[in-house]
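Asks: My questions will all concern the structure given below.
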Amino acid sequence: MANEVIFKNRDLDRLWDIEQYRSRGGYEVLTRILTEKTPPAEIIDGMKTSGLRGRGGAGFPTGLKWSFINRSAPGDKYLVCNSDEGEPGTFKDRDILRYNPHALVEGMLIASYVIDAHRAYNYIRGEFWEPYERFQNAIDQARAAGFVGNNILGSGFDCELNVHLGGGAYVCGEETALLESIEGKKGQPRYKPPFPAHVGLYGRPTVINNTETLASVPTILREGAEQFRDIGVENSGGSKLFSISGHVKNPGVFELPMGTPFSELFELAGGMRDGSKIKAVIPGGSSSPVIPGEIMMDLTMDYDAIAKAGSMLGSGAVIVMDESTCMVKVLDRMGYFYYEESCGQCTPCREGTGWLYRIVHRIENGQGRPEDIDLLMDVQNRIRGKTICALGDAAAMPVAGMLRYYQDEFQYHIDHKKCKVGAGT
Amino acid sequence: MSEEKTITIEVDGQPLETKAGALLIDVTDAAGIDIPRFCYHKKLSIAASCRMCLVEVAKVPKPIPACATQVMDGMVVQTRSPMVLAAQKATMEFLLINHPLDCPVCDQGGECELQDVAMGYGSDVTRFVEAKRVIPETDIGPLIATDMTRCIHCTRCVRFGDEVAGMREMGATGRGEHMTIGTFIAHNVDSELSGNVIDLCPVGALTSKPFQYRARAWELTRHTGVAPHDSVGSNIQVHTRRGEVMRVHPHSNDAINEVWLSDRDRFSYEGVKSEDRLTQPLIKKDGEWTEASWEEALEAAASGLKNIASPDADQIGTLVSPTATLEEIALARKITKGLGSSNIDYRLRQEDFRGNSSAVPWLGQSIASLESIDSALLIGSNIRKDQPLLAHRLRKAALKGAKIQLINPLQLDLHFDAAQMVSDPAGMVHNLAAIAEAAGGSHHLTEQIEVTAEHKAVAEGLKRSESAVILLGNLAQSHPDYTILCGLAALIAKATEVSVGVIPMAANSVGAAVIGAIPDHGLNAHSMLENPRKGYLLLGIEPGRDTNNPALARSAMSSAELVVAVTAYRSPCLEETASIMLPMSGFGETSGSFVNAEGRWQHFSGAAAPVGESRPGWKILRVLGNLLNLDGFDYSSSEEILDELRDAHGAELKVTGLGTAKGKIRSAVTGLVRIGETPIYAADALVRRATSLQKTAEAREAAAARVNPSVAADAGLFDGDRVAVVQGGGRAEMVLRVDPHIPDGCVWVPAAVPGSESLGDQFGEISLEKV
Amino acid sequence: MSALETKNRNELFTPEIRAEIDHEIAKYPEAESQSAAMAALRIVQDANGGWLTQERMDEVAAYLDLPPIAIYEVATFYSMYEHKPVGRNKLCVCTNISCMINNSDQIVEHLNNRLGIKFGEVTEDGRFSLKEVECLGACGGAPMMQVGRKYYENLTPERLDSILDELE
Ligand SMILES: Cc1cc2nc3c(=O)[nH]c(=O)nc-3n(C[C@H](O)[C@H](O)[C@H](O)COP(=O)(O)O)c2cc1C
Ligand code: SF4
Ligand code: FES
């Protein structure tokens, strides 16, 4: 595929080996930066020019995020990579860890240099054992080659790189919960402000970036920030990994320029399976509101376009559903997910996610009440915007999204105590 | 920094001046603008999780929590806008969906923050039709009743444990809707400050176990008072129903107890209702206790005292409890002096009187200032147990980085970082002398003192510090070389230019000292017993429990002609030693005053009706004074006594003169030495009868002899063995605990617990036998 | 004071486990050994047949010098820690959306039938236990499950049978 950043060298059979990675220019940027002692501000400028927006879901400009760290403040600073990948539908970071771990190692080292962090952690979800081993192996190789540890390449720059494995909690993908988790506590998000750039890991200034974000850094700096920017569209620089799953023929991870029409991604994934018809698409992970297939077919895959359609690009996790899919059942399962994964500290999220789930579950099981649709709308609205972290919103938004386009299915369930879709079961 | 800059914000259209960086909720609280909240508490860290305090701030699209928002100049805030009302309604509904709405049977009913806020901000329709969450109960000990189904997850109790009590005992386990506040496993909450979670809990999830189902909040009358145990003088509210003390709550006073209360101060009121309460005057006739009228008893006391005093007034000795009120102590003193005796003392647990200075032993500074010291040297103090809220102040200092050094005859479990030098009692003197030498002071001890790097480091640390304090605690005051410890402390203080003071033991130790309840040229608490008197007047004490050497006290009194005990309790030991018992009203039943550790005079009124025929101590002593035909006993109220005392003794306290370090070190022994600590829940007659406190692990584990593993091995003893401790001609059987906290050569045998009545000095040679 | 507190740190666990935990502790700044709590629980759980008991958790707390409640909080927050016995093979089946719409129900049903157990249960011989899990980040291979450290993707009843046959 053209314009790949992360998976550019996937043609190599063992890209996770340092020799192969280096054979295509791997670690050159790091070496150059460290030997030339490139001013960090220059690198930040480059990142800003590239238009790279964080790939973890929120799309925050990466260069800007790095610039918040006061490099000259005394004391430790930390870089943390977010490989928690918990958003249902997302499975791209796992592939980076498995197939191109050195890009992430190099990206983390560069970012650490920029913010003057001497310790960096990659938070990998605990279930990703095999990807973790790959990544750990990459760290070990990089260390052996002198890229990790003290006085890297004689530059005087020290950086330790370690993995922290998660323990099974979606909320730990939220950056401050993730910090709590690294500190050995349960993953309860922290109220912001203060932001991690000021008070982060162990109370110190910290940058948290997604795996894909950091793994893009070496290529951006090697090939040029403008080139990266020009791959994408305005406001959405570069290419992006899309995880596409559901009822498509060839689900998988595809790296495409930002702004690629959804129809192209859909085609790459082989279109619908078994000749079924597309019904709906969740465009950016389960937290993003659902969009009917026919609307989706006219959209491009970038932050602005998806937002304009009332949803979010999020982590670029696309779930395609065919006409046999019952939307009540989908929302029932999603509701259960948020109910199970709420950390429990905020009243609206702790109590509201359980309530939402129970209402939808009741409807799904033919015990819906006439007032339930209004109640669902009201309860989701009562959670939204009132919690510490965005999990509350993430639980609420899909409800509103479903009711926006598929209220009839819910109504049918309530009226007829059975499903409208499929064989009427 | 801009911290101190004054800025203006606008709340609901009203301009408010405040300091930059203040929390919005504190600013609105100060202005009397009501913002509901559950998780916020001004003494705890910010959780911002209950989402009840959401407000609208101009230019911010979402409602934000007032408890976590720092004010900025020009900020425009709305607390009752449609956005805010909707948010409050939402949060209230979420809080209530899983909350049992059984207020009529809930112990918190009538004083429940959830109930109150629901009235103001909730709606009354329930749209939640599913089953409510139910949490199975776990027992967390004798003091706190739990009903976790009522919990609203504000985490105040969890943060309290972590941040204030310094013991993480409660936590939030599980996640999401399954998150449960508690100890996870059945586990007693053992902090000496644990009861504060009862006040912190906004709902009825954590309530007082002793108070459980006893009364409803609206039936109670509240009286302010002063706690009667340690020398903090915590301000309390005594809640009564129909003249009976039902419970005790803290009364906040930032200078003293802030908003806290130790468990001892909170739960000791149960001792008021003890079966031991003396309700009727008693006279011992031919070895039999017989009930008497007040006239009869007082006449007998007066004539008995007169008969002894008129030939030889020096034969009268008066021992007063340092938990008695100023007014009571003053009258006891007046009677003693009036009879012509100078033998009066309140220092019942002191053995070494070589210094016998008349300077008032007090903290030497304010209680609140302890939290801003940068270093401290504590000599002979189990600070956490003896003075829980002073320990809390020191803990705050330690958390800010203060270096705290302790010299003790046992290793303490502290809730803050501190360095501990642990040795036998004689070693304590050596350590202190070595620090004094290292600091450049010269003492007059004959012994050779070895100065180590550790001693030098302590001296250096004190010298370098800007606001250090040296304090002598309970264990020092009972030490056989207290005088020398004092002298050395003073020497170090001088050489390092830091302040020095004493941590007074009891609620009114300072008061007793201020009004001169000590002998001038007469006999002190120890010599009055070593040289038995013919007549004793006892105010509020039990000789077998409240003296440094109970064996000596009991034998002296048993051989006396007359022992008049003014007492709230009738105890076996008083029955054995006294001749007349005059029933005195107990805690909460009398007005009076205490002077606390920092020299603050605090007066309180009676809150409850005296039990039986008991009467306030000052009234008993006034009549006794009248019957003795002494001058100056015509007070008509306790306030009159207080006014007189204030005029005579109300001057501000001066820095303590602690004497000089000279003389012989007496604490060295050849065999094993006793460490006779007074456990927290044995300290005085009231707490010894507080049934729930006596059920705590702390109290249950106190009645044991403790030795370290090597002493146990040498004696062939094992943990759990029954042993006899033999001391001062007496013998007591106890269970043996092997405890690495006890230094070599020592046996920790507590004072004031059952069995200890037959033993001798709190510190002194002791032997152990397996039984 | 609990018996554990007086226990020497070196009497806790085996030397191998201690070495493993120490290796984790070394990843973090000096005063931050609490950071190793999650890893320590994982290591101890693995060595304890895949689940944690209160005693094991207390030992972890003692080893890291933390109040036990801090460890209980962590051990009950994260779903990968088990508080009841599990099978030698813990079958973690994802039922989240992508798997659900790819017939994870059928996978679950097949497992229920073949093993005779439901979610949260262990086979009588202790060989298998069944657990429902949330999205494991392998939706491209839906339906999927995790057994031990390994992912099994694109499951069908037939593939399941051959996988189960191979698991001891
Ligand atoms: C509930 C929740 C879950 C999240 N999960 C993830 C995740 O699994 N991976 C991730 O990179 N970011 C996740 N995020 C976003 C992070 O908080 C954060 O924005 C991101 O890691 C920042 O990196 P970036 O700037 O490179 O995108 C999550 C956010 C929320 C609110
Ligand atoms: S919104 Fe939910 S998950 Fe996020 S902090 Fe609040 S309770 Fe926890
Ligand atoms: S009081 Fe502010 S969120 Fe609880």
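Asks: Once C and A are treated as a pair rather than alone, how much accessible area drops out, both sides summed, in Å² to 100, probe 1.4 Å?
Replies: Chain pair C/A: roughly 3900 Å² of buried accessible area.
Asks: Counting only heavy atoms of the protein chains, get the accessible area per residue of region B:234-302 (1.4 Å probe) and round it to a whole Å² value.
Replies: I get 37 Å² per residue for region B:234-302.
Asks: So which lysines can B:Lys306 reach, going by Cα to Cα under 29 Å and dropping same-chain residues fewer than 8 places off?
Replies: Those lysines meeting the cut-off are B:Lys284, B:Lys285, B:Lys334, B:Lys337, B:Lys534, B:Lys619.
Asks: Sticking with this structure for a sec: Could the peptides A:7-16, A:290-299, B:418-427, A:88-97 be put in order, highest first, of the mean number of other beta-carbon atoms found within 10 Å of their residues?
Replies: For the peptides A:7-16, A:290-299, B:418-427, A:88-97, the packing ranking is A:88-97, B:418-427, A:290-299, A:7-16.
Asks: Please list, in order, the residues from region B:565-600 whose amide nitrogen is less than 14 Å from a point placed 7 Å along the Cα→Cβ vector of B:Ala255.
Replies: Under 14 Å, as judged by backbone N against the label point of B:Ala255, lie B:595-600 of region B:565-600.
Asks: Sticking with this one: Give me Rg over Rh for the protein assembly as shown, both radii from the alpha carbons and Rh done the Kirkwood way, two decimal places.
Replies: Value, to two decimals: 1.04.
Asks: Under 20 Å from a point 7 Å along the Cα-to-Cβ line of C:Glu32: which residues of region A:46-79 have their amide N that close?
Replies: Within reach of a label on C:Glu32: A:66-79.
Asks: Say we join alpha carbon atoms closer than 10 Å with springs in a Gaussian network model of chain A; which of A:Ser315, A:Ser155, A:Ser288 then has the biggest fluctuation?
Replies: A:Ser155
Asks: Just to be sure I understand the interface: list residues from region A:207-245 that lose 10 Å² or more of accessible area between the chain on its own and the complete protein assembly, 1.4 Å probe.
Replies: So the qualifying set is A:Ser245.
Asks: Taking the Cα of C:Arg127, stepping 7 Å toward and past its beta carbon, and measuring to each backbone N in region C:43-66: which are under 15 Å?
Replies: Label zone hits: none.
Asks: Sort B:Arg216, C:Arg88 from largest to smallest accessible area, using a 1.4 Å probe on the heavy atoms of the protein chains.
Replies: The residues order as C:Arg88, B:Arg216, largest area first.
Asks: Hey, another quick one. Give the calculated FRET efficiency between C:Asn112 and A:Asp304 to the nearest 0.05, with a Förster radius of 30 Å applied to their Cβ-Cβ distance.
Replies: 0.05
Asks: Straight-line reach from C:Lys84: which aspartates and glutamates have a Cα under 17 Å away, not including same-chain ones fewer than 8 places off?
Replies: C:Asp46, C:Glu55, C:Asp58, C:Glu73, C:Glu121, C:Glu124, C:Asp125, C:Glu132
Asks: Can you tell me how region B:127-247 classifies by the Cα gyration tensor, rounded, prolate or oblate, using a/c under 1.5 as the rounded cut?
Replies: Note, shape of region B:127-247 comes out oblate.
Asks: Turning to a different aspect of this structure: Would you mind telling me the antiparallel percentage of the DSSP bridges in chain B, rounded to 5?
Replies: Of all bridge pairs located within chain B, approximately 55 percent are antiparallel.
Asks: Continuing with this model, one more query. Roughly what would the spin-label model give for B:Ser81 and A:Ser263, points 7 Å off Cα along C-beta, in nm?
Replies: Roughly 4.5 nm, to one decimal.
Asks: I'd like the accessible area for B:Arg722, computed on protein heavy atoms only with a 1.4 Å probe and all protein chains in place. Round to 10 Å², please.
Replies: Per-residue accessible area (B:Arg722): approximately 120 Å².
Asks: Here's another thing I want to ask about it. What are the GluC sites (Glu not before Pro) within region C:13-110 that DSSP puts in a loop, where the Cβ has at most 15 other Cβ atoms within 10 Å?
Replies: Within region C:13-110, the qualifying GluC sites (Glu not before Pro) (loop, at most 15 other Cβ atoms within 10 Å) are C:Glu30, C:Glu32.
Asks: Could I have the simple spin-label model distance between B:Ala713 and A:His416, label points 7 Å from Cα toward Cβ, reported in nm to one decimal?
Replies: 8.3 nm
Asks: Name the shape class, rounded, prolate or oblate, that the alpha-carbon gyration tensor gives for region B:526-616, where a ≥ b ≥ c are the square roots of its eigenvalues, rounded holds for a/c under 1.5, and otherwise prolate holds if a/b is larger than b/c and oblate otherwise.
Replies: It comes out oblate by the Cα gyration axes.
Asks: Turning to a different aspect of this structure: For region C:63-75, take each phi angle, set θ = phi - 60°, evaluate the Karplus expression 6.51 cos²θ - 1.76 cosθ + 1.60, and give the result in whole Hz per residue in order, putting x for glycine and proline.
Replies: 5, 8, 6, 10, x, x, 4, 5, 6, 4, 4, 5, 5
Asks: If you don't mind, another one. For region B:279-421, take every pair of Cα atoms, bin their distances at 5 Å starting from 0, and report each bin as a whole percent.
Replies: 2, 8, 12, 13, 13, 11, 8, 8, 9, 7, 6, 3, 0
Asks: Follow-up question, since we're still on this one. If I model a spin label at B:His444 and B:Ala419 as a point 7 Å from the Cα along the Cα→Cβ vector, what separation in nanometres do I get?
Replies: With each label placed 7 Å out from Cα toward Cβ, I get 3.0 nm.
Asks: Using only DSSP helix segments of four residues or longer, with each worth -39500 (n - 2.57), what per-residue ellipticity at 222 nm results for chain B after dividing by its residue count and rounding to 500?
Replies: Rounded to the nearest 500, it is -7500 deg cm²/dmol.
Asks: While we're looking at this one, here's another question. Unpartnered cysteines of chain A (Cβ-Cβ under 4.7 Å counts as a partner)?
Replies: Those would be A:Cys81, A:Cys159, A:Cys172, A:Cys326, A:Cys343, A:Cys389, A:Cys419, since no other cysteine Cβ in chain A comes under 4.7 Å of theirs.
Asks: Quick one: net charge around B:Thr279, please, counting Lys, Arg +1 and Asp, Glu -1 for every other residue with C-beta under 9 Å from its C-beta.
Replies: Surrounding charge for B:Thr279 is +1.
Asks: Here is a further query. Quick one: which residues, 5+ away or cross-chain, put their amide H under 5 Å from the amide H of C:Asn89? H built at 1.01 Å from N.
Replies: C:Phe128, C:Ser129
Asks: Would you kindly state how much longer the chain becomes between B:Glu288 and B:Asn531 on full extension, computed as 0.36 nm times their sequence separation minus their alpha carbon distance, in nm to one decimal?
Replies: Taking B:Glu288 through B:Asn531 to full extension adds about 84.8 nm, to one decimal.
Asks: Counting only protein chains, not ligands or nucleic acids, how are B:His444, A:His118, B:His479 ordered by accessible area (probe 1.4 Å), most first?
Replies: Result of the area sort, largest leading: B:His444, A:His118, B:His479.
Asks: Given a Förster distance of 41 angstrom, what is the FRET efficiency for A:Asn137 paired with A:Ser324, based on the Cβ-Cβ distance and rounded to 0.05?
Replies: About 0.45, to the nearest 0.05.
Asks: On to the next question. Thinking of region A:327-411 as a set of Cα atoms, what percent of all their pairs are more than 16 Å apart?
Replies: When all Cα pairs of region A:327-411 are counted, 42 percent exceed 16 Å.
Asks: Nearest 10 degrees is fine. How inclined is helix A:327-341 to the longest principal axis of chain A, computing both from alpha carbons?
Replies: 50 degrees
Asks: Then there is this: Choose one answer from C:Ala31, C:Ala19, C:Ala142: the residue with the largest mean-square fluctuation in a GNM of chain C with alpha-carbon springs under 10 Å.
Replies: With Cα springs under 10 Å in chain C, the top fluctuation among C:Ala31, C:Ala19, C:Ala142 is at C:Ala31.
Asks: How large is ³J(HN,Hα) for each residue in region B:530-541, as worked out from phi by the Karplus curve 6.51 cos²θ - 1.76 cosθ + 1.60 (θ = phi - 60°), to whole Hz, x for Gly and Pro?
Replies: Each residue of region B:530-541 in turn: 5, 10, x, 9, 7, x, 10, 10, 10, 10, x, 10 Hz.
Asks: Continuing with this model, one more query. Name the residues of region B:27-54 whose accessible area, probed at 1.4 Å, falls by at least 30 Å² once all protein chains are in place instead of their chain on its own?
Replies: Buried by 30 Å² or more upon assembly, which counts only protein chains, are B:Ser49, B:Arg51.
Asks: Among all stretches of chain B without exposed chymotrypsin sites (Phe, Trp or Tyr not before Pro) (DSSP loop, at most 15 other Cβ atoms within 10 Å), which one is longest?
Replies: B:214-717
Asks: Which residues of region C:79-117 end up with at least 30 Å² less accessible area in the presence of all protein chains than when their chain stands alone, using a 1.4 Å probe?
Replies: The answer is C:Ser79, C:Met80, C:Asn96, C:Ile97, C:Ser98, C:Met100, C:Ile101, C:Asn102.
Asks: Would you tell me the accessible area of B:Ser357, worked out with a 1.4 angstrom probe on the heavy atoms of the protein chains, in Å² to the nearest 10?
Replies: We get 50 Å² for B:Ser357.
Asks: What do you get for the angle between helix A:347-364 and the principal long axis of chain A? Use alpha-carbon atoms, 0 to 90 degrees, nearest ten.
Replies: Helix A:347-364 sits at roughly 50 degrees to that axis.
Asks: May I pose another question? What FRET efficiency do you get for C:Asn10 and B:Ile185 if R0 is 30 Å and r is their Cβ-Cβ distance, rounded to the nearest 0.05?
Replies: Calculated transfer efficiency: 0.75.
Asks: With 22 Å as the limit, write out which pairs from A:Lys279/A:Lys308; A:Lys192/A:Lys386; C:Lys90/C:Lys118; A:Lys186/C:Lys27; A:Lys185/B:Lys89 have Cα-Cα distances beyond it, or answer none.
Replies: Checking Cα-Cα distances, A:Lys185/B:Lys89 exceed 22 Å.
Asks: Another question about this same structure. Would you grab the residues whose amide H sits under 5 Å from the one on B:Ile144? Only those 5+ places off in sequence or on another chain, please, with H modelled 1.01 Å from N.
Replies: Amide H neighbours of B:Ile144, under 5 Å, 5+ apart: B:Lys209.
Asks: Roll a 1.4 angstrom probe over the protein heavy atoms and tell me the percent of accessible area of chain A that is carbon or sulfur.
Replies: 48 percent
Asks: In a Gaussian network model over chain A where Cα atoms closer than 10 Å are linked, find which of A:Gly316, A:Gly368, A:Gly385 has the largest mean-square fluctuation.
Replies: Ranking A:Gly316, A:Gly368, A:Gly385 by mean-square fluctuation puts A:Gly385 first.
Asks: Also: According to the square roots a ≥ b ≥ c of the eigenvalues of the Cα gyration tensor, what is the shape class of region A:165-256, taking rounded for a/c under 1.5, prolate for a/b larger than b/c otherwise, and oblate for the remainder?
Replies: It is oblate, given that a/c is not under 1.5 and a/b is not larger than b/c.
Asks: Let me ask something additional. At each listed q (0.15 Å⁻¹), what is the log10 of I(q)/I(0) that the Debye formula gives for region B:697-767 modelled as equal alpha-carbon point scatterers?
Replies: Once normalised to I(0) and log-transformed, intensities are -0.43.
Asks: Considering only the protein assembly as shown, what is the antiparallel percent among its DSSP beta bridges, to the nearest 5?
Replies: The antiparallel fraction comes to roughly 55 percent.
Asks: Per residue, how many Å² of accessible area does region B:311-415 show with a 1.4 Å probe?
Replies: I get 26 Å² per residue for region B:311-415.
Asks: When the Cα centres of region B:447-478 and region A:95-166 are compared, how far apart do they sit, in Å?
Replies: 49 Å
Asks: Taking amide H positions as placed in the peptide plane 1.01 Å from N, state which residues far from A:His164 in sequence (5 or more) or on other chains have amide H under 5 Å from it.
Replies: The list, which skips near neighbours in sequence, is A:Asn122, A:Tyr123, A:Ile124.
The values are calculated or read from the model by the stated rules, or taken from the named source; none is laboratory data. Fair warning: this is a prediction, and the values are worked out from it, not measured in the lab. Neighbour counts are summed over all protein chains in view; Cβ atoms, including those assigned to glycine, are modelled from backbone coordinates with ideal geometry. Please note that ligands, DNA and RNA were not included when accessible areas were found on the heavy atoms of the full protein model with its side chains. Shrake-Rupley method; radii C 1.70, N 1.55, O 1.52, S 1.80 Å.
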